[in-house]
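Enquirer: This is the structure I want to talk about, given as structure tokens.
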Amino acid sequence: MDSRTIALIRTTFKAVAAEEGGSEKLSSSFYSILFTDYPGVRDYFPAAMDAQRDRLVTAIAYALERLEEPDKLLPFLAQLGRDHRKYGVQPAHYVAVANSLKSALRLFAGAEMWTDEVASAWDEGLATISGAMISAADKETTPATWTGTVVEHREVLRNLSIVRVQLDEPMQYAAGQYLSVQIPSRPRMWRYLSPANPANANGEIEFHIRGVLGGWVSPAMVAHTAVGDQWRLGSPLGGLGVPRNTKRKMLMVGCGSGIAPLRAQIMAMAQRRVNPKVHLFVGGHHPCDLYDLQVLSQLAITNKWLTVTPVTESDENPWWYYDSGEPHPELPGLEPRMTGQIGKVVASYGPWADRDVQIVGSPSMVQTTKFRLMAAGTQAQSIRHDPLF
């Protein structure tokens with residue numbers, strides 16, 4: 001696509017999204033048009049559409065930011081195409097989505113903005129996106145989905161569980177990637193989870209799952225998962241990971257269950273002979289939220305290139321924490337626990353100019369930490385995080 005086409009696409013989308021409630025209105029209108037004009041498509045979506053609507057706008061925005069970077073955009077779209085095989089989508093479904101999205105955009109942009117040139121630009125842009133996804137799906141030889149049996153469910157906090165799943169056949173994924181997961185009690189409601197361990201020949205995956213208040217799926221995963229449950233998993237997604245031959249030092253920042261993809265990468269690195277220095281900051285609201293320090297302690301002891309600094313916003317555990325006392329006393333191999341907002345603590349160490357940076361956590365935590373690091377002198381191009389959806 002040329003620069004004129006890209007500019008027209010971005011201008012239209014930003015104008016619609018910038019209005020009060022614009023993103024939500026666009027998403028709702030899109031799905032309303034899609035389900036009205038193509039009623040058969042409705043069966044591919046969950047009954048509750050809240051999370052799905054949020055993902056749509058986030059995915060579009062992520063793609064639009066990278067229209068001039070095909071080396072980043074096309075691999076992302078290829079991953080989405082491979083993942084969408086789990087829905088059983090066909091090329092005709094991409095046409096339905098493109099037509100419905102254009103109709104929704106035209107509705108909110110208005111006749112003055114939605115010119116023939118703008119319409120043509122969106123035709124080209126959506127054709128590029130759908131073409132990359134369809135091509136990747138057609139070429140893929142791995143299963144559309146994997147089936148896994150829950151072999152362990154361990155509640156480590158009131159709202160956080162560790163679940164181990166044994167796949168029917170091994171899956172190859174890069175440490176740091178994430179997967180879409182569907183549980184029996186929530187059909188068609190896929191949620192993204194990051195394996196906390198590298199891929200292995202045994203096909204065993206460990207997930208760290210925090211229940212989101214008011215969520216449809218994660219509370220059920222945390223509270224009601226039972227050994228023997230059958231889960232379905234989609235193709236791996238995401239671009240986090242440490243290149244095998246990198247010599248550049250790493251800064252990793254993770255909060256809560258966001259430690260999972262960073263932990264998986266560190267475990268994968270521990271199997272290599274040579275690694276760059278890695279400084280991991282692991283955060284939580286309370287000391288009890290640092291549920292994985294025992295494992296991180298052992299990793300730091302056996303891998304001298306790894307430094308681990310725990311960070312909590314409070315020095316005390318909440319009254320409802322059901323274990324007595326400090327969940328993790330002073331552990332060998334770890335730096336002293338710091339108190340404060342994690343982004344502020346990490347930025348206080350300096351600009352980290354010599355580091356590649358990965359941040360994993362809630363959207364607000366990721367953005368706040370990223371902005372604090374940039375304000376301290378970290379280059380934006382050195383900071384990585386996966387799409388926040």
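The values are calculated or read from the model by the stated rules, or taken from the named source; none is laboratory data. Model, not experiment: these values are computed from the prediction. Cβ coordinates were reconstructed from backbone atoms using ideal geometry, including for glycine residues, and neighbour counts include every protein chain displayed. Heads up: the accessible areas ignore ligands, DNA and RNA and are worked out on the full protein's heavy atoms, side chains in. Shrake-Rupley method; radii C 1.70, N 1.55, O 1.52, S 1.80 Å.
Enquirer: With a 1.4 Å probe and all protein chains left in place, how much of the accessible area of region 1-88 comes from carbon and sulfur atoms, in whole percent?
Expert: 51
Enquirer: Could I ask something else about it? Rolling a 1.4 angstrom probe over the protein heavy atoms, how many square angstrom per residue are accessible across region 249-378?
Expert: Solvent-accessible surface per residue comes out at 44 Å².
Enquirer: Which far-off residues, 5 or more places away or on another chain, put their amide H under 5 Å from the one on residue 211, with H placed in the peptide plane?
Expert: Hits under the 5 Å cutoff: 160, 161.
Enquirer: In terms of the ratio Rg/(2.2 N^0.38 Å) built on C-alpha atoms, what value belongs to the chain?
Expert: 1.03
Enquirer: In addition: Sort 45, 108, 30 by heavy-atom solvent-accessible area, probe 1.4 angstrom, most to least.
Expert: Values: 45 35, 108 60, 30 5 Å².
Output order, biggest surface exposure first: 108, 45, 30.
Enquirer: Near residue 378, within a Cβ-to-Cβ distance under 12 Å, what is the net charge of the other residues, with Lys and Arg +1 and Asp and Glu -1?
Expert: Computed value for this residue: +2.
Enquirer: Mind checking the per residue accessible area of region 35-137 for me, 1.4 Å probe, whole number of Å²?
Expert: In whole numbers, region 35-137 has 49 Å² accessible per residue.
Enquirer: Output wanted: per-residue J couplings in Hz (rounded whole) for region 145-162, from phi through Karplus 6.51 cos²θ - 1.76 cosθ + 1.60, θ = phi - 60°, x for Gly and Pro.
Expert: Coupling constants for region 145-162: 9, 10, 10, x, 9, 5, 10, 7, 9, 10, 8, 9, 9, 4, 10, 9, 10, 10 Hz.
Enquirer: Something else: In nm, to one decimal, how far is the residue 2 label point from the residue 349 one, both placed 7 Å along Cα→Cβ?
Expert: 4.8
Enquirer: Can you give the Rg to Rh ratio for region 1-159, taking only C-alpha atoms and Rh from Kirkwood?
Expert: The Rg/Rh ratio comes out at 1.02.
Enquirer: Give the accessible surface of region 149-231 per residue, rounded to a whole number of Å², with probe radius 1.4 Å and ligands, DNA and RNA excluded.
Expert: I get 43 Å² per residue for this part.
Enquirer: Given a 1.4 Å probe and every protein chain left where it sits, what share in percent of the accessible area of region 135-293 is carbon and sulfur?
Expert: The value for region 135-293 is 50 percent carbon and sulfur by accessible area.
Enquirer: Additional query: Quote to one decimal, in nm, the extra length available between residue 168 and residue 277 on full extension: 0.36 nm per residue of separation minus the C-alpha distance between them.
Expert: Result for the pair: 35.6 nm of gain on full extension.
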